[in-house]
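J.: I'd like to ask some things about the structure below.
The values are calculated or read from the model by the stated rules, or taken from the named source; none is laboratory data. As the structure is a prediction and not an experimental result, all values here were calculated from the model. Here the Cβ positions follow ideal geometry from the backbone for every residue, glycine too, while neighbour counts run over all protein chains shown.
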Amino acid sequence: MKRGIFILLGLFAIVVVAYFTASKWAIRHETLTFYDSTRDRPIEVAIAVRRDKEMQANAGMLTLPVAIVNHGNTVKFTEYSFLANVLAARGYFVSSIQHDLASDAPLVTKVGELYVGRLPVYQRGVANIEFAVKQVQKIQPNADYDHLTLVGHSNGGDISMYYAKMHPENVKKIVTLDNLRVPFLTDGKFKILSFRSKDPVFKADPGVVPDDDTCEQSGITVVNTGFQHTDMSDRGPDNVKTSIQGVLDKFLETESKLAPVDTKKIVVPKPGPSALAPKPDSVAQFRFAPTP
């Protein structure tokens with residue numbers, strides 16, 4: 001009996017390894033550079049898409065959902081592959097956009113001004129998304145560019161939220177990883193998932209994250225974690241990335257309205273001693289409403 005169990009577990013492990021190996025090779029990655037002549041600005045875009053889904057879309061069998069990934073300040077557009085791979089595995093056509101150039105002025109904080117003086121940065125990010133979408137649409141026309149899933153870390157999360165504020169009709173879902181400046185949209189027009197860090201340095205401005213009652217009414221899921229702000233990219237520890245991937249995959253899987261997170265029952269894992277070497281932890285518990 002025990003021998004049979006060991007054999008079964010061994011076969012299961014082989015299947016799991018084979019699945020993840022196949023998934024990695026099944027996703028096509030490509031980096032493209034476009035040029036926006038109206039702003040005299042190059043725009044780099046990293047594409048990720050499942051090969052089988054891309055072939056089906058090219059054959060007219062389906063329309064690919066579209067996800068836009070927006071990087072954080074000082075982090076490159078190529079440093080969110082752990083998110084892009086989950087989205088691509090779910091069948092999305094993923095475009096990760098490089099928003100900042102070396103020639104751009106550094107990000108500043110001006111207390112007392114709208115979005116602490118970063119409105120021009122968000123407006124530039126929106127222009128980058130609009131331009132990039134038009135360019136990738138020429139390459140892959142068999143995708144739904146009218147209902148975007150926006151994903152962003154830190155400053156990229158604020159760009160995502162600001163884009164949705166400007167173009168709510170073009171947004172289906174928003175996923176932010178510790179955006180700090182632009183308040184959440186609470187009109188319930190699309191689902192929002194937000195991972196929040198437990199970081200002594202990076203704190204959201206007042207009014208950015210809604211209270212529990214507003215989240216419940218608006219279909220917003222806030223996941224409080226023990227992670228540090230700067231760990232929410234490819235630079236972060238594997239346990240952080242794996243935990244975020246699991247929650248993101250569940251969020252993409254369900255189309256039902258998200259149930260609220262009971263913050264009184266959340267078990268927040270202890271953060272690591274530094275951004276580079278956190279202790280093992282996991283994403284806080286959350287609940288999804290059952291599919292009707």
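J.: Quick one: is Leu107 modelled with pLDDT under 95 and either charged (D, E, K, R) or under 22 Å from Met232 (Cα atoms) (or both)?
T.: yes
J.: Just for the stretch 215-240: of the residues that are within 15 Å of Ile174 (Cβ to Cβ) and of a type in the set (Ser, Thr, Tyr), which one is surrounded by the fewest Cβ atoms within 10 Å (Cβ to Cβ)?
T.: Ser218
J.: Name the pairs: first residue in the stretch 223-245 and touching a residue at least 12 places away in the same chain (Cβ under 8 Å) and closer than 14 Å to Ser81 by Cα, second residue in a strand (DSSP E or B) and not polar (S, T, N, Q), Cβ to Cβ under 9 Å, at least 6 apart or on different chains?
T.: That search, which allows pairs on different chains as well, returns Met232/His153; Met232/Leu177; Met232/Phe195; Ser233/His153; Ser233/Leu177; Ile244/Leu177; Ile244/Phe195; Ile244/Val223.
J.: Any residue in the stretch 158-182 that's in contact (Cβ under 8 Å) with a residue 12 or more places away in the chain: show its pairings with residues that are surrounded by 19 or more Cβ atoms within 10 Å (Cβ to Cβ) and of a type in the set (Asp, Glu) at Cβ separation under 6 Å, as long as the two are six or more apart or on different chains.
T.: Asn179/Asp158; Arg181/Asp158; Val182/Asp158
J.: Provide a single number: the residues in the stretch 30-61 that are surrounded by 15 or more Cβ atoms within 10 Å (Cβ to Cβ) and out of contact with any Lys or Arg (no Cβ under 6 Å at 6 or more places or on another chain).
T.: Total satisfying the criteria: 14.
J.: Scan the stretch 51-106 for residues that are closer than 21 Å to Ser160 by Cα and small (Gly, Ala, Ser) and jot them down. Break it down into steps so the answer makes sense when it comes.
T.: Here is the first cut: in the stretch 51-106, the ones closer than 21 Å to Ser160 by Cα are 64-88, 90-101, 104-106.
Ala67, Gly72, Ser81, Ala84, Ala88, Gly91, Ser95, Ser96, Ala105 - these are the residues of the stretch 51-106 that are closer than 21 Å to Ser160 by Cα and small (Gly, Ala, Ser).
J.: Out of Asn155, Asn128, report the one residue that is surrounded by 22 or more Cβ atoms within 10 Å (Cβ to Cβ), of a type in the set (S, T, N, Q) and within 18 Å of Phe202 (Cβ to Cβ). Quick ask: steps written out before the conclusion?
T.: Details: Asn128 fails: within 18 Å of Phe202 (Cβ to Cβ).
It is Asn155.
J.: Then there's this: Return a yes/no flag: does the stretch 32-45 have any residue that is within 20 Å of Leu180 (Cβ to Cβ), of a type outside the set (A, V, I, L, M, F, W, C) and out of contact with any helix residue (DSSP H, G or I) (no Cβ under 9 Å at 6 or more places or on another chain).
T.: Taking every residue of the stretch 32-45 in turn, none turns out to be within 20 Å of Leu180 (Cβ to Cβ), of a type outside the set (A, V, I, L, M, F, W, C) and out of contact with any helix residue (DSSP H, G or I) (no Cβ under 9 Å at 6 or more places or on another chain).
J.: Return the only residue of Gly156, Gly188 being closer than 15 Å to Val208 by Cβ and touching a helix residue (DSSP H, G or I) at 6+ places or on another chain (Cβ under 8 Å). Steps first, please.
T.: Working: Gly188 fails: closer than 15 Å to Val208 by Cβ.
Exactly one of Gly156, Gly188 is closer than 15 Å to Val208 by Cβ and touching a helix residue (DSSP H, G or I) at 6+ places or on another chain (Cβ under 8 Å), namely Gly156.
J.: Separate question: Determine which member of the set Thr242, Thr221 is within 25 Å of Pro65 (Cα to Cα) and either outside any helix (DSSP H, G or I) or modelled with pLDDT under 95 (or both). Show your work before the answer.
T.: Numbers: Thr242 fails: either outside any helix (DSSP H, G or I) or modelled with pLDDT under 95 (or both).
Residue meeting the stated conditions: Thr221.
J.: So, in the stretch 136-192, exactly how many residues are small (Gly, Ala, Ser), within 14 Å of Met232 (Cβ to Cβ) and assigned to a helix (DSSP H, G or I)? Spell out the reasoning first.
T.: Start the filter on the stretch 136-192 by keeping residues that are small (Gly, Ala, Ser), which leaves 143, 152, 154, 156-157, 160, 164, 188.
Next, from what is left, pick out any that are within 14 Å of Met232 (Cβ to Cβ): 152, 154, 156-157, 160.
Now narrow it down to the ones that are assigned to a helix (DSSP H, G or I): 156-157, 160.
The total comes to 3.
J.: Same structure, new question: Kindly check whether there is at least one residue in the stretch 66-87 that is farther than 29 Å from Arg181 by Cα and either surrounded by fewer than 19 Cβ atoms within 10 Å (Cβ to Cβ) or without any contact (Cβ under 8 Å) to a residue 60 or more places away in the chain (or both).
T.: no
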